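What follows is one structure encoded as structure tokens, with my remarks underneath.
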Amino acid sequence: MVPAFSLNGVIVEFNNQPVLDIGELVFDDRIIHAVIGPSGAGKSTLLRVLNMLQKPTQGSVTYFGNPLPYNGANSLAARRSMSMVFQTPAMFSGNVYDNVALGLRLRDVKTKEVRAKVFQALETVGLTDLTKRSAATLSGGEAQRIALARALVVNPRVLLLDEPTANLDPGNVTIIEDVIKRIPHETGITIIIVTHNLYQAKRLSQQAVFLNKGKIVESSSTDEIFNNPKAQETKLFVSGEMVY
Amino acid sequence: METLYSSMLSIVKLILSGDKALYEIILLSLKVSIAATTIGMLLGIPFGTLMGMYRFPGRQVVVIIIYTLMGLPPVLAGVIIYLLLSAKGPLGELQLLFTPTAMVTAQVLLVTPIITGLTMVAVRGKEKLYLETAVSMGASRLQAAWLVIREAKAGIMAAIVTAFGRAIAEVGAVMLVGGNIEHVTRVMTTSIILETRKGNFDLALSLGLVLLAISFMINGFLVAGVLKYLQRGEQY
Amino acid sequence: MKSIVRRKLPMTWALLISLLLVVTLSTAAYTAAAPKKPAIESEVTLATTTSTQDSGLLDVMIPAFEKKFKNKVKVKVVAVGTGQAIQLGKDSNADVLLVHARKSEDEFVAQGYGIKACDVMYNQFLLVGPKDDPAKAAAAKNAVEAFTKIAEAKAKFVSRGDDSGTHKKEKSIWDKSTIKPQGSWYISAGQGMGETLRMAEEMGAYTLVDEATFLTNKTNQVILFKGDKDLINPYGMIQVKSTRKKVAANELIWFFISPQGQKMIGDFGKNKFGKSIFVPDFKWRK
């Protein structure tokens with residue numbers, strides 16, 4: 001099976017300081033990957049590289065076998081095949097319906113189809129009764145669920161989640177995790193979730209990669225990482241004893 | 001006080017009189033200001049959006065220039081256009097001096113930096129939050145710009161209202177390049193100056209109050225109407 | 001001896017007291033007879049027309065006046081349209097007027113707003129226009145005929161159109177010609193003299209201009225007609241009756257009509273333009 005992403009020698013520098021330095025990393029298709037690591041490990045930067053929001057200083061990324069096009073005519077098509085949910089979602093002014101429909105409208109989906117898809121996505125996150133609410137008035141949990149619906153409505157091949165449940169109450173965390181867990185079975189897409197919550201990574205992912213100081217420390221199955229870590233750093237981190 | 005009171009009376013009389021000259025002046029004021037503001041919007045909103053969304057070397061210098069031009073003295077704008085359009089000037093052949101077109105041109109020079117600058121500030125305030133989200137959601141460059149503009153609409157509205165206010169209340173430039181010619185280029189502000197110089201403070205004040213009332217109505221219309229238009233895209 | 005001394009004492013007192021009385025009284029009488037001259041106010045407002053100020057005459061006259069009073073008085077010159085100048089007087093916002101609109105001036109005095117009205121000087125108006133003179137106004141015998149030719153040729157004419165002294169003069173000439181100027185050739189500018197002159201230049205139009213403004217603004221127009229009695233422009237000076245600067249207002253008028261002031265008016269312009277612009281003709285009005 002062709003992997004969703006394959007990174008080779010990717011380096012990202014800010015002001016000539018490397019913040020991400022990845023020798024080789026593969027994200028297999030149709031499973032959930034967790035990216036874990038302490039703050040400042042480069043987790044979000046990695047996600048931004050995959051979403052083409054950040055062009056690597058060096059190295060190459062392939063996307064389903066083809067080079068990920070950071071510029072040019074193909075980049076829009078590539079980006080439209082993936083979705084990303086940010087830690088703090090930015091809701092556009094207007095109501096919830098418009099926010100969920102936005103991705104479809106940007107892709108020129110017919111108005112008739114938009115309606116059905118929006119309601120389906122809202123049903124997935126359990127918020128069909130909020131369609132007419134102004135997006136500005138949503139609570140943090142509601143907004144994040146809407147952001148998830150907004151990401152899923154376009155049927156992405158890849159879903160990138162950047163700390164989607166940080167700062168949320170336990171009820172909403174559970175709902176969001178349930179949605180995430182169901183997705184691959186229902187649609188067969190690749191999910192990459194960045195999280196600092198080890199239990200969340202354990203609960204959701206099949207594969208995990210542990211980043212520290214911009215470098216890959218260990219990458220294997222979630223089971224291996226948590227139950228049989230190879231590197232000393234990983235051991236410390238998963239046992240919650242890492243000092244940083 | 002007496003003057004104020006009697007102007008209140010004369011303002012009512014003035015409007016009810018259906019004085020053709022008065023309506024002609026009001027109409028020209030509106031035409032010139034609306035034309036200048038519209039052209040200013042067509043130039044300033046795209047330019048301001050670009051300035052608000054993108055960083056490039058030398059941007060800081062351009063920003064300083066825009067801010068400076070926002071405070072361009074109207075008379076200076078008038079002198080520049082006057083010299084350009086003067087019979088002896090580079091564009092003298094066009095014979096545009098002392099026409100409403102010349103007035104619009106001078107006002108465009110005044111309002112475009114205002115619209116550009118305020119749009120830039122408004123867009124810059126929203127760009128951080130919305131541009132990346134829009135791009136990530138699959139917006140093309142143009143779509144992303146439009147989404148950011150839509151989020152910045154309150155600020156852009158303020159820009160348009162400010163520009164229109166400046167245009168309709170401006171006197172130095174239109175006096176110079178328009179010439180305050182009766183039935184041709186006489187607008188409300190130049191009439192006010194003229195009546196003041198004649199010692200007709202009553203009439204001058206009445207005209208001023210009419211100007212204020214018209215500004216109020218136009219701004220009300222702008223705020224209500226344009227806001228609605230900008231929101232329409234989200235509500236179908 | 002003793003008794004004599006005793007008798008003399010009251011006499012001495014009486015003398016002393018009466019002497020004191022005399023001195024005190026005479027001092028008081030002297031003071032009353034020659035009251036101290038009231039001090040001049042520190043400022044006075046002169047409302048005048050833009051054309052007067054633009055000519056530069058006031059730049060010569062005002063400093064000389066202030067110097068005469070050792071700069072204890074400051075003249076604030078407000079240069080506006082004639083109508084506004086007169087209104088400033090009516091509203092007591094000016095102390096002295098120097099304007100050129102005889103009819104309005106007479107009304108101002110007749111309505112009780114002004115005193116000490118006098119003729120101060122006059123200058124002349126010129127009919128100027130483009131060199132090619134399409135209306136052949138230069139061939140006219142008098143101002144009225146020149147205006148008539150312009151109207152008949154429908155040649156462009158820029159009018160001040162602001163009820164200023166110049167505009168009133170222009171209207172009086174049209175009245176005499178029995179032509180009611182209207183149509184696209186007649187441009188009512190509603191602006192000051194300098195602006196109107198430059199507009200006329202830009203448009204290749206005729207206009208009526210005072211000599212001072214014409215000499216000051218270097219336009220490419222030519223004088224087509226001058227010297228008619230209809231083109232005389234008399235300036236008057238009036239003290240605003242309600243002024244609170246009575247001394248300064250009075251002194252200012254007296255300075256303009258004094259032999260020294262009149263000579264300065266007559267000499268003004270000889271250096272700058274090679275000829276005088278204003279002709280002094282002081283005369284009190286009835």
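If you stretched the chain out fully between A:Arg107 and A:Arg133, how much longer would it get, using 0.36 nm times the residue separation minus the C-alpha to C-alpha distance? Kindly include the intermediate steps, with their values, before the conclusion.
On the way: separation 26, 0.36 × 26 = 9.36 nm, distance 2.36 nm.
The span from A:Arg107 to A:Arg133 would gain 7.0 nm if fully extended.
Give the residue list of trypsin sites (Lys or Arg not before Pro) in region C:108-138 that are DSSP loop and have at most 10 other beta-carbon atoms within 10 angstrom.
C:Lys131
Compute the helix-to-body angle for B:20-53: its Cα long axis versus the longest principal axis of chain B, expressed 0 to 90° and rounded to tens.
Orientation of helix B:20-53: about 20 degrees from the principal axis.
A:Glu241 to B:Arg141: FRET efficiency via 1/(1 + (r/R0)^6), r the Cβ-Cβ distance, R0 56 Å, to the nearest 0.05? Please report the intermediate quantities before stating the final value.
On the way: r = 47 Å, r/R0 = 0.85.
With R0 = 56 Å, the Cβ-Cβ based efficiency is 0.75.
Beyond 26 Å, what share of the Cα-Cα pairs of chain C is found? Please give it as a whole percent. Display every interim value, and only then the final one.
Working: 21330 of 40755 pairs.
Percent of Cα pairs beyond 26 Å in chain C: 52.
On a 0 to 90° scale, report how tilted helix C:143-153 is relative to the longest principal axis of chain C, with both axes built from alpha carbons and the result rounded to the nearest 10.
The two axes meet at around 40 degrees.
Leaving out same-chain residues fewer than 8 places away, which lysines sit with a Cα under 19 Å from that of B:Lys13?
none
Would you list which lysines come within 18 Å of B:Lys20, measuring only between C-alpha atoms, while excluding same-chain residues fewer than 8 positions from it?
B:Lys31
With runs of 4+ DSSP H residues as the only contributors, calculate the mean residue ellipticity of the protein assembly as shown at 222 nm using -39,500 (n - 2.57) per run, divided by the residue total and rounded to the nearest 500. Display every interim value, and only then the final one.
Numbers: 31 runs with 413 residues, N = 766.
Roughly -17000 deg cm²/dmol at 222 nm, from the helical runs in the protein assembly as shown.
I'd like the mean, over residues of C:80-90, of how many other protein chain beta carbons sit within 10 Å of each residue's own Cβ. Display every interim value, and only then the final one.
Numbers: counts 4, 7, 3, 7, 8, 2, 2, 6, 1, 1, 1.
Averaged over the peptide's residues, the number is 4.
Using the 2.2 N^0.38 Å rule of thumb for compact globular proteins, work out how region B:34-94 stacks up: its C-alpha Rg over that value, please.
1.43
Quickly work out the C:Val77-to-A:Ser60 label distance, labels modelled 7 Å from Cα along the C-beta direction, and quote it in nm with one decimal.
My value for the distance between the label points is 8.3 nm.
For C:Asp281 and C:Glu152, what does the FRET efficiency come to when R0 = 35 Å and r is the distance between their Cβ atoms, rounded to the nearest 0.05? Walk me through the intermediate numbers first.
On the way: r = 35 Å, r/R0 = 1.00.
Computed FRET efficiency for C:Asp281 and C:Glu152 comes out at 0.50.
Select from region A:72-151 those GluC sites (Glu not before Pro) which occupy a DSSP coil region and have at most 15 other Cβ atoms within 10 Å, ordered by residue number.
Values: sites: A:Glu113, A:Glu123, A:Glu142; in loops: none.
Here no loop site has a sparse enough neighbourhood.
Please arrange C:Trp174, C:Trp284 by counting, for each residue, the other beta carbons lying within 10 Å of its beta carbon, fewest first.
Result, fewest neighbours first: C:Trp284, C:Trp174.
So what is log10(I(q)/I(0)) for region B:2-228 at q = 0.09, 0.10, 0.17 1/Å, when the Debye sum runs over its Cα atoms only?
-0.44, -0.54, -1.15
Got a sec? How would C:Glu211, A:Glu233, C:Glu251 order by Cβ neighbour count within 10 Å, fewest to most? Walk me through the intermediate numbers first.
On the way: C:Glu211 23, A:Glu233 17, C:Glu251 20.
Ranking C:Glu211, A:Glu233, C:Glu251 by Cβ neighbours within 10 Å, fewest first, gives A:Glu233, C:Glu251, C:Glu211.
Starting with the highest mean, order B:72-79, B:106-113, B:205-212 by the number of other Cβ atoms within 10 Å, averaged over the residues of each peptide.
Details: B:72-79: 18.2, B:106-113: 26.5, B:205-212: 19.9.
My ranking of the peptides, most packed first, is B:106-113, B:205-212, B:72-79.
Inside 10 Å of the C-beta atoms of A:101-107, what's the mean count of C-beta atoms belonging to other chains?
If you average over the peptide's residues, the count of other-chain Cβ atoms is 5.
Which residues does a label at C:Lys131 reach in region C:196-219, if reach means a backbone N under 19 Å from a point 7 Å past the Cα toward the Cβ?
C:198-207, C:215, C:217-219
Which order do peptides A:188-194, C:190-196 fall in by mean Cβ count within 10 Å, highest first?
So the order, starting with the most tightly packed, is C:190-196, A:188-194.
Hey, got a sec? Which trypsin sites (Lys or Arg not before Pro) in region A:155-244 land in a DSSP loop and have at most 13 other Cβ atoms within 10 Å?
For trypsin sites (Lys or Arg not before Pro) across region A:155-244 that sit outside H, G, I, E and B with at most 13 neighbouring Cβ atoms in 10 Å, the list reads A:Lys230.
Please report, largest first and rounded to whole Å, the three semi-axes of the ellipsoid equivalent to region B:84-135, where each semi-axis is the square root of five times an eigenvalue of the C-alpha gyration tensor.
Taking √(5λ) for each Cα gyration eigenvalue gives 39, 10, 8 Å.
Would you list which aspartates and glutamates come within 14 Å of C:Lys283, measuring only between C-alpha atoms, while excluding same-chain residues fewer than 8 positions from it?
C:Asp119
Return the distance in nm (one decimal) between the two label points of a simple spin-label model at B:Ala87 and A:Asp223, each offset 7 Å from Cα along Cα→Cβ.
9.7 nm
So, counting K/R as plus one and D/E as minus one, what does the shell of residues with Cβ under 14 Å around C:Asp175 add up to?
After counting each charged neighbour, the total is +4.
How do the peptides C:85-95, C:224-234 rank, highest first, by the average count of neighbouring beta carbon atoms within 10 Å per residue?
C:85-95, C:224-234
Averaging sequence separations of C-alpha pairs under 8 Å and six or more residues apart, then dividing by the length of region C:124-231, give the relative contact order as a whole percent. Before the final figure, lay out the partial values.
Numbers: 186 pairs, mean separation 50.3, N = 108.
Relative CO of region C:124-231 lands at 47 percent.
If you fit an axis through the alpha-carbon atoms of helix B:201-232 and take the longest principal axis of the Cα set of chain B, what angle between them do you get, 0 to 90°, nearest 10?
It works out to around 20 degrees.
Tally Lys/Arg at +1 and Asp/Glu at -1 over every other residue whose Cβ is under 12 Å from the Cβ of B:Ser86; what's the total?
Surrounding charge for B:Ser86 is -1.
Across peptide B:180-190, how many C-beta atoms of other chains are within 10 Å of each residue C-beta, on average?
Rounded to a whole number, the mean comes out at 4.
Could you grab the Rg to Rh ratio for the protein assembly as shown? Cα atoms only, Kirkwood for Rh. Can you show the working numbers first?
Numbers: Rg = 42.2 Å, Rh = 33.6 Å.
With Rg and the Kirkwood Rh in hand, the quotient comes to 1.25.
I want to check the label-to-label distance for A:Lys215 and B:Arg55. Put each point 7 Å from Cα in the C-beta direction and report it in nm to one decimal.
2.9 nm
For a quick size check, give me the Cα extents of region C:124-231 along its three principal axes, largest first, whole Å.
Cα spread of region C:124-231 along its principal axes, largest to smallest: 31, 28, 28 Å.
Kindly put A:Asp108, B:Asp202, C:Asp162 in sequence by how many other C-beta atoms sit within 10 Å of each C-beta, fewest to most.
Going from least to most buried by this count: A:Asp108, B:Asp202, C:Asp162.
Values in this text are rule-based calculations from the coordinates and carry no lab data. Note that the structure is a prediction, hence the values are computed from the model and not measured. Counting neighbours? That spans all protein chains shown, and the Cβs are built from the backbone with ideal geometry, glycine included.
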